[in-house]
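The values are calculated or read from the model by the stated rules, or taken from the named source; none is laboratory data. Just so it is clear, the structure is predicted and the values come from calculations on it, not from any experiment. Cβ coordinates were reconstructed from backbone atoms using ideal geometry, including for glycine residues, and neighbour counts include every protein chain displayed. Keep in mind that these areas ignore ligands, DNA and RNA; they rest on the heavy atoms of the full protein, side chains included. Shrake-Rupley method; radii C 1.70, N 1.55, O 1.52, S 1.80 Å.
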There are 4 protein chains.
Amino acid sequence: MLQIGIVGGTGYTGVELIRLLLAHPEVAIKIITSRSEAGKLVSDLFPNLRGACDIAFSEPDIKTLSACDLVFFATPNGTAMKMVPELLAEGVKVIDLAADFRIKDVHVWQQWYGMDHSCAELLQDAVYGMPEINRAEIASARLVANPGCYPTAVTLGFLPLLEAGIIDESSLIADAKSGVSGAGRAASVANLLCEVTESFKAYAVNGHRHLPEISQTLTTIMGKPVGLTFVPHLTPMVRGIEATLYARLTDNSQDLQSLYQSRYKDEVFVDVLPQGLVPETRSVKGSNLCRMSVFQPQGGDVVVVSSVIDNLVKGAAGQAIHNMNLMCSLKEDAGLTLTALLP
Amino acid sequence: MLQIGIVGGTGYTGVELIRLLLAHPEVAIKIITSRSEAGKLVSDLFPNLRGACDIAFSEPDIKTLSACDLVFFATPNGTAMKMVPELLAEGVKVIDLAADFRIKDVHVWQQWYGMDHSCAELLQDAVYGMPEINRAEIASARLVANPGCYPTAVTLGFLPLLEAGIIDESSLIADAKSGVSGAGRAASVANLLCEVTESFKAYAVNGHRHLPEISQTLTTIMGKPVGLTFVPHLTPMVRGIEATLYARLTDNSQDLQSLYQSRYKDEVFVDVLPQGLVPETRSVKGSNLCRMSVFQPQGGDVVVVSSVIDNLVKGAAGQAIHNMNLMCSLKEDAGLTLTALLP
Amino acid sequence: MLQIGIVGGTGYTGVELIRLLLAHPEVAIKIITSRSEAGKLVSDLFPNLRGACDIAFSEPDIKTLSACDLVFFATPNGTAMKMVPELLAEGVKVIDLAADFRIKDVHVWQQWYGMDHSCAELLQDAVYGMPEINRAEIASARLVANPGCYPTAVTLGFLPLLEAGIIDESSLIADAKSGVSGAGRAASVANLLCEVTESFKAYAVNGHRHLPEISQTLTTIMGKPVGLTFVPHLTPMVRGIEATLYARLTDNSQDLQSLYQSRYKDEVFVDVLPQGLVPETRSVKGSNLCRMSVFQPQGGDVVVVSSVIDNLVKGAAGQAIHNMNLMCSLKEDAGLTLTALLP
Amino acid sequence: MLQIGIVGGTGYTGVELIRLLLAHPEVAIKIITSRSEAGKLVSDLFPNLRGACDIAFSEPDIKTLSACDLVFFATPNGTAMKMVPELLAEGVKVIDLAADFRIKDVHVWQQWYGMDHSCAELLQDAVYGMPEINRAEIASARLVANPGCYPTAVTLGFLPLLEAGIIDESSLIADAKSGVSGAGRAASVANLLCEVTESFKAYAVNGHRHLPEISQTLTTIMGKPVGLTFVPHLTPMVRGIEATLYARLTDNSQDLQSLYQSRYKDEVFVDVLPQGLVPETRSVKGSNLCRMSVFQPQGGDVVVVSSVIDNLVKGAAGQAIHNMNLMCSLKEDAGLTLTALLP
């Protein structure tokens, strides 16, 4: 059994990671740290885990963490970078679920995240953990930057079109909608039930931190700059992201349905729906799937893709475990054969 | 007091119309018809109206309706067209909240609505009841086609840009999200709470009936064909539409905030938010306002507009009463000075 | 026009009070205070009020408040008692929507609220503002303690049975359910959408602050101690309280439906439903009504009452305005003829 | 692998049974029948099952079903009784998730369910499938009547008190609240999102079908008639039941916390919370647990129990699989070691 450490287990990404790892046949959680909750049973904070997890939160400590085979960081941005160099030096593999290692250009990172990077030298080493793009690199990585939730839904949705070179990459539009769990578990007025239920709104229209992350990946795929407008929206539900993507076709001759099915036929966690069906976020709630559909309305030159994920699973903890499976030579879907609850 | 008739009062548009008219200082509801519920008190079907409305549903009857000054149709598509010619002949003014008179080209209408039109000769007479565009025509109309909910949010959002002639009208995108009340009050599995809550999805991606309606209006404004991609989405809430609109600027020199504020400065039911704020649907729930914001992300050549309405008020019953006020020379905001409930 | 001050306008009770007073024909809001938001426009905090309210929050100040005819306190417990004596001395009428003046016995108050009372001498003067019980006293009061939300639903539900003397008052049970707005607008993890939606739970089973308040009123009605078990529950919705009340009949001969209809026939804000119907909270959302039904299941000796209110209206701001109307000799329902939004 | 048949797989209980059985290590689903959906892939109706279940619905047929080791009925009331005698004759074990075999007295059954019973002779043979009460009988049963959802939460909550003989069994009160999935997946206006979200109400106050079922079990436990008032309520969420139970203690000397912990210490699916904590329904969503707490408010003579389950799991499909495990000598928790999703 792989020995696993989790730094920062008190947020929604953390508790989801714990839930999934507890059901994983090849790993054992050894440590779950939290400065604020040290000493408290994890199941006292998250009563769904009563009877399933008897670990108490402990203070984060490099020495103890170094005894793990792999450590997940489910911490706020800026925390992982302070501990990762030491852990790597000790031979521990690391997956960061926050944003510390997602952006290659440290100046871009510092501009969007508003802080200095304390180990910029690791940015080139870090592998962007999207298995559908970087499977081989992930398998040999010691440090994986787990993608953001929006970037997962958006990138997977655009990928077949960009790889096929059949859209105008200068005017991509991604209109994305997320459940409230994406905003995390911190005390706030803005995310009270009374503030967000029965309402819908756009936010961060002038620029969201996931924009440079998506742009970096799409640019890498294309080998040239892409133009992307990305507008996130807050949806009155807990889990789920839907991204509706728009692009102009430069080549109208391709069968888009075949293109998508072909691109993802070997991907265990991407499900291209049969023609005409539209994915709903609840169909992937609690599962590691990305479901998507592709449309060409009225046979025109605009292609529309709808891509859905559970932001806490495929968009966070599930994708992180997928990366762990690859890094540790486990079966790709170990611990991830989950079926969404319906209703 | 104006004598008002309502044909078809058992749906969500109907009950909202009743609620608003009961509070209107210048009108009296005389008749509310329903074939299926004839004889039952309206307040037995809608307990919120207990004590406020003592009318019983009656069978629709031209003779009785002819005694009204104005008749609203809150019926399924295809019903109004069967009764409207006789009512007009009797000198009764008519506002149809369904789609029977929204499309000028009867062939287009028949294609999208899948039935023959029984009084196509009235289509040219009917005035499209969007006061911000057609105020004068509405004031002198005898038959008003009340706009659809999506068309209201989308058209008002694009209007200043189109009138200013500063966007490429060939590639407009409208990504719209609606609460479930837009689907009506009919028994169905698809709209059960257990089917739609905690989920989000696109629908009708290949073509929604509101597409030709929006296109017709935008084309009229521009005087030439527009290219529009319109994708509606179902949002897990009762009321509200948010439309995020995308267009490419052909003229980057305009101050967009000023353009929007200037266009709508005299419109009592359009509220352009101060720069940087984003409207949320709950801020207009139960009110007749359309709130909107305009953005130019990263100063690029894409303009983004977010426009919100209550689909049952500004997108249906409230706009219908606005039209009634204009047709009957009442104060424009009579009965419509409503403040949204918050929370 | 009566000049009105509101101390503490940043919570949900405050914004509801503002919404209702803005639509009241006989009053003008002169001041809305908030220490934390002083200087900010009220409509910047509550966008539903844009265009309806151009007042900015100001620092609370006795001198300015003294120029008002009546001041509402929509503050946390313990705030009003510090300012009320001075305002009363200036001849200003006061309605406290918090709990400072609800309990006559200062020792009981201090035990449940965990603080010293700074003006216990006013407790006997203060009138408990439930018009259905204390109409005359309210009309001549200078200080009214506005009832709690649960106490309103529970007391009105038990009232006819207790007054008729036909139940065993030693074993009353009140199982009450509240929407999340009852928990207020403070930043907290516990009331995040992700923590409370799609879940239901009891809380404060061993003792809730509203228990002594209800007991005091019921004891006063009966002229002897009552035994009450009160269990509140948190319901995944914004507004609404439903209280299901259970008591043992000591006299089985009465027609309970007639008893209830007779007791409340002159009360404008209590609606006893026809036999067999059950009230739903949404039927009173945004309105000042208490709707209720009475049952005697299987004709046995247990009576069951279901009583619903909007906790922010009849359970707070609406009842406060009802009290203001009585204190200021206005029409009882002035500003309160509201119909719930449906759906 | 046990061969399993499911009759009636199109409802919420059916799809949950399928989800759970697909993850069960010892069984294989052989047949899923539905008259209305015969020929359609199960995963076309329930997209969460895409990739997990490749079975198509088939017409129900005794011969094919007879080849199964065990058949579940997830059908409307009155369906199972028509097929069960033949299946039993073929040696097939049967678990009915509907109500056909729950009531021993056929007259009581016919009165509450409004139809004749076609195989009343089986009622005495059928074992009421609540393992915490009838473990041994279930293990040797050929026909198990799976308990209703409310009866599961209520009976388990009262059980320790009744067995200990320390409450007045003549005046029990059960105030129960259920999510909307309890109302099933049939097309209806009453359960549309727009009708039930953001609202709360009691229903069936004068008598619900689960009342005689609960009374029968409690009477059997006590060996004498019990007096029970049972009021169900509809809660705006999908899954979950909370039952708040009230009884008068006749013996005040017992430590209730110890009583509950002791009674359930060997029950794998009942979790008594530590003193002072209250269970929330979300902590058992998707899991087979019943969580409960016991309180004695203010040390008085009223005992209050709060008991929560997932109505579709412990209240239906999960308990049915627990029964299957017992009937087929499998590990009791096989396929049922589920952790609730949070958030």
Just the ratio, please: alpha-carbon radius of gyration of region A:150-311 over 2.2 N^0.38 Å, N its number of residues. 1.05
Looking at region D:226-269, which residues lose a minimum of 10 Å² of accessible area between their chain alone and all protein chains in place, measuring with a 1.4 Å probe and not counting ligands or nucleic acids? D:Thr229, D:Val231, D:His233, D:Thr235, D:Pro236, D:Met237, D:Val238, D:Arg239, D:Glu242, D:Thr244, D:Tyr246, D:Arg248
When all protein chains stay in place, what accessible area (Å², nearest 10, 1.4 Å probe) is found for D:Glu37? 40 Å²
How large a share of the accessible area of region A:150-311, in percent, is made up of carbon and sulfur atoms when the probe is 1.4 Å and the other protein chains stay in place? 49 percent
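How large is the Kirkwood hydrodynamic radius of region C:201-247, in angstrom, based on all distinct alpha carbon pairs?
Hydrodynamic radius (Kirkwood, Cα pairs) of region C:201-247 is 12.2 Å.
Please identify the helices of chain B, taking whole runs of DSSP H, that span at least 20 Å along their own axis as judged from the Cα atoms and have a mean Kyte-Doolittle score of 0.5 or higher. Please list the in-between numbers first.
Working: long enough: B:149-164 (24 Å, 1.16).
Long hydrophobic helices here: B:149-164.
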Testing the spin-label approximation: label points 7 Å from Cα along Cα→Cβ at B:His107 and C:Leu277. State their distance in nm. 5.3 nm
Modelled label-to-label distance, A:Ser36 and C:Ser258, 7 Å Cα→beta-carbon offset: nm? 6.1 nm
Can you give the FRET efficiency for D:Met1 and C:Ser66, using 1/(1 + (r/R0)^6), R0 = 60 Å, r = Cβ-Cβ distance, to the nearest 0.05? 0.15
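Once you charge only the Cβ atoms, +1 for Lys and Arg and -1 for Asp and Glu, what is the size of the charge dipole of the protein assembly as shown about its Cα centre, to the nearest 20 debye?
Values: 104 positive and 144 negative charges, 0 e Å.
Taking the Cα centre of the protein assembly as shown as origin, the dipole is about 0 debye.
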Quick check: from the Cα gyration tensor, does the protein assembly as shown come out rounded (a/c under 1.5), prolate or oblate? rounded
FRET efficiency (A:Thr250, B:Asp168; Cβ distance; R0 25 Å; to 0.05) is 0.90
Taking a label point 7 Å out from Cα toward Cβ, give me the nm distances from B:Gln261 to the same spot in the other copies, shortest first, one decimal. 5.5, 5.9, 6.6
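Considering Cα pairs under 8 angstrom that are at least six residues apart, work out the relative contact order of region C:2-125 and quote it in whole percent.
On the way: 207 pairs, mean separation 28.8, N = 124.
Rounded, it is 23 percent for region C:2-125.
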Antiparallel bridges, percent of DSSP beta bridges restricted to chain B (to nearest 5): 45 percent
Per q in 0.06, 0.13 Å⁻¹, report the Debye log10 I(q)/I(0) for chain A, using one uniform scatterer on each alpha carbon and no solvent. -0.20, -0.99
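Given a 1.4 Å probe, how much area per residue of region C:2-125 is accessible, in Å²?
Value for region C:2-125: 39 Å² per residue.
From largest accessible area down, sort A:Tyr150, C:Tyr203; use a 1.4 Å probe on the protein chains.
Numbers: A:Tyr150 5, C:Tyr203 70 Å².
Reading off the accessible areas and sorting them downward yields C:Tyr203, A:Tyr150.
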Any chance you could look up the accessible area of A:Asp301 with a 1.4 Å probe, heavy atoms only, rounded to 10 Å²? 60 Å²
Go ahead and estimate [θ] at 222 nm for chain C from helices alone: -39,500 (n - 2.57) per DSSP H run with n ≥ 4, summed, over the residue count, rounded to 500. -8000 deg cm²/dmol
Using a label position 7 Å from Cα in the Cα→Cβ direction, what is the ascending list of nm distances from C:Ala89 to the same site in the other copies? 6.8, 8.1, 9.4
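Taking 26 Å as the cut-off for C-alpha to C-alpha distance, list the pairs among B:Lys285/C:Lys93; C:Lys30/C:Lys331; D:Lys82/D:Lys104; D:Lys177/D:Lys314; C:Lys201/C:Lys285 that go past it. All intermediate terms of the calculation are to be shown ahead of the outcome.
On the way: B:Lys285/C:Lys93 34 Å; C:Lys30/C:Lys331 21 Å; D:Lys82/D:Lys104 17 Å; D:Lys177/D:Lys314 15 Å; C:Lys201/C:Lys285 22 Å.
From the list (B:Lys285/C:Lys93; C:Lys30/C:Lys331; D:Lys82/D:Lys104; D:Lys177/D:Lys314; C:Lys201/C:Lys285), the Cα-Cα distance tops 26 Å for B:Lys285/C:Lys93.
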Counting only heavy atoms of the protein chains, get the accessible area per residue of region D:130-219 (1.4 Å probe) and round it to a whole Å² value. 24 Å²
For chain A, what is the relative contact order in percent, using Cα pairs closer than 8 Å and at least 6 residues apart in sequence? 17 percent
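Percent antiparallel among DSSP beta bridges with both residues in region D:2-125, to the nearest 5? All intermediate terms of the calculation are to be shown ahead of the outcome.
Working: 1 of 16 bridges.
Percentage antiparallel, nearest 5: 5.
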So for B:His233, B:His210, what's the accessible-area order with a 1.4 Å probe, most first? B:His210, B:His233
Please arrange A:Glu132, A:Glu169 by accessible surface area, largest first, computed with a 1.4 Å probe and ligands excluded. A:Glu169, A:Glu132
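Quick one: dipole size for region B:224-343, taken about the Cα centre, charges +1 on Lys/Arg Cβ and -1 on Asp/Glu Cβ, in debye to the nearest 20. Walk me through the intermediate numbers first.
Values: 10 positive and 11 negative charges, 48 e Å.
Taking the Cα centre of region B:224-343 as origin, the dipole is about 240 debye.
Of the DSSP beta bridges with both residues in the protein assembly as shown, give the percent that are antiparallel, rounding to the nearest 5. Kindly include the intermediate steps, with their values, before the conclusion.
Values: 100 of 220 bridges.
Of those bridges, close to 45 percent are antiparallel.
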With solvent modelled as a 1.4 Å probe, how much accessible area in total do chains B and C shield from it at their shared surface, in Å² to the nearest 100? 2400 Å²
Residue-level accessible surface for D:Tyr128, protein heavy atoms, 1.4 Å, Å²: 20 Å²
Could you pull the copy-to-copy label distances for D:Asp168, with points set 7 Å along Cα to Cβ, in nm to one decimal and sorted shortest first? 0.3, 8.1, 8.1
What are the aspartates and glutamates whose alpha-carbon lies under 13 Å from the alpha-carbon of D:Lys63, with same-chain residues fewer than 8 places away excluded? D:Glu86, D:Glu90
Take every Cα pair under 8 Å in region C:126-244 that's 6+ residues apart, average their separations, divide by the length, and report that relative contact order as a whole percent. 36 percent
At 7 Å along the Cα-to-beta-carbon direction for both B:Ala187 and B:Glu26, put a label point, then send me their distance in nm to one decimal. 4.2 nm
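I'd like the per residue volume of the convex hull spanned by the Cα atoms of region C:2-125, given in cubic angstrom. Provide the component values of the computation, followed by the final result.
Details: hull volume 12.7 nm³, N = 124.
Each residue corresponds to 102 Å³ of Cα convex hull volume.
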Delta accessible area of at least 50 Å² on complex formation, residues of region C:170-184, 1.4 Å probe, chain isolated as reference: C:Ile173
